Amino acid sequence: MNLHLLRTINGWAGHNWLLDHVMIFCASWLIYVVFAGAAGCALVLARRRQWRPLGLFAAVLVVSFALLQLAAHVYVDKRPFTTQHVHQLVAHGAGASFPSDHTTAATAVGLGLLLFTPFRKLGVSALLAAVLIGFARVFVGIHWPVDIAGGLLTGLIGAALVWGVALLVNSQRPMSFRKAA
């Protein structure tokens, strides 16, 4: 299934100049747009002195990154261009590919914004960008589809862990403190 999806998605590469360049942009540069949006939101939260949402948002990023590192050591897979004939549109090192760093980061940003900040629309936009980034990275031949699924799952688990801990901590507070937070 993984190989079939790779061949299907990457098989569209190299046939349309415009589509190729849109996918190259999404695979290589869209993550920086997501990061810029995240940094802007973080600055607004800091300026408003909204430390709890900022801390929870940052925690999602940190936990997701830690999970990414763990997953990369547990399941090591070679990039598709090292073992398959693909249309590789973006140069990339031959290191391990699971899970996708770009997809994990964009997913973590999106869920962090969506769950813990007032920037929910930007969170949804970042989640859509995560899916587009992941698709594009398969399209350009530098990731397997399972790497993208792993990145989405890693960001989701990171956000879910932070959300669970936040709920647990909040439920331990006296009622008067819960309303104030």
Quote the FRET efficiency, to the nearest 0.05, computed for ASN2 versus LEU168 with a Förster distance R0 of 35 Å and r equal to the Cβ-Cβ distance.
-> 0.45
With each pseudo-label sitting 7 Å past Cα toward Cβ, what's the THR83-ALA66 distance in nm, one decimal?
-> 3.0
Using a 10 Å cut-off on Cβ atoms, rank the peptides 126-132, 99-105, 61-67 from the highest mean neighbour count down.
-> 99-105, 126-132, 61-67
Grab the DSSP H runs of the chain that are 4 residues or longer, score each as -39,500 (n - 2.57), total them, divide by all residues and round the 222 nm result to the nearest 500 deg cm²/dmol.
-> -25000 deg cm²/dmol
Where does each of VAL33, VAL140 land when they are ranked from fewest to most other beta-carbon atoms within 10 angstrom?
-> VAL33, VAL140
May I ask you to compute the full-extension gain from ARG49 to HIS73, defined as 0.36 nm times their residue separation minus their alpha-carbon distance, rounded to one decimal in nm?
-> 4.9 nm
Phi-based couplings in Hz for region 65-79 (Karplus 6.51, -1.76, 1.60; Gly and Pro marked x) | 5, 5, 5, 4, 4, 4, 4, 5, 8, 7, 10, 9, 9, 7, 5
Applied in sequence order to region 11-18, the curve 6.51 cos²θ - 1.76 cosθ + 1.60 (Karplus, θ = phi - 60°) yields integer Hz couplings, x standing for Gly and Pro, of x, 7, 6, x, 10, 9, 4, 5
Computed over region 1-135: relative contact order in percent, which uses C-alpha pairs under 8 Å that are six or more apart = 30
Packing rank of 43-53, 17-27, where each peptide gets the mean count of other beta carbons within 10 Å, highest leading | 17-27, 43-53
From fewest to most C-beta neighbours within 10 Å, the residues THR83, THR117 line up as THR83, THR117
Å³ per residue enclosed by the Cα convex hull of region 1-81 = 120
If R0 is 30 Å, what FRET efficiency do you get for ALA96 and TRP17 from their C-beta distance, rounded to 0.05?
-> 0.45
What ranking, highest mean first, results for peptides 5-11, 146-152 when packing means the other Cβ atoms within 10 Å averaged over each residue?
-> 146-152, 5-11
Cα-projected label distance for VAL124 with ILE24, points at 7 Å along beta-carbon direction, nm = 3.3
Cα-Cα P(r), region 2-170, percent of pairs per 10 Å interval | 11, 38, 31, 15, 4, 0
May I ask which residue of PHE25, ALA96, CYS41 lies farthest towards the positive end of the charge dipole of region 1-99, with charges of +1 (Lys, Arg) and -1 (Asp, Glu) on Cβ and the Cα centre as origin?
-> CYS41
Counting pairs of Cα atoms in region 56-126, how many percent are more than 20 Å apart?
-> 43
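Each value in this text was obtained by applying a stated rule to the coordinates, not by laboratory testing. None of these values were measured; they are calculated from a predicted model. As a convention, Cβ positions derive from the backbone with ideal geometry for all residues, glycine included, and neighbour counts pool all protein chains shown.
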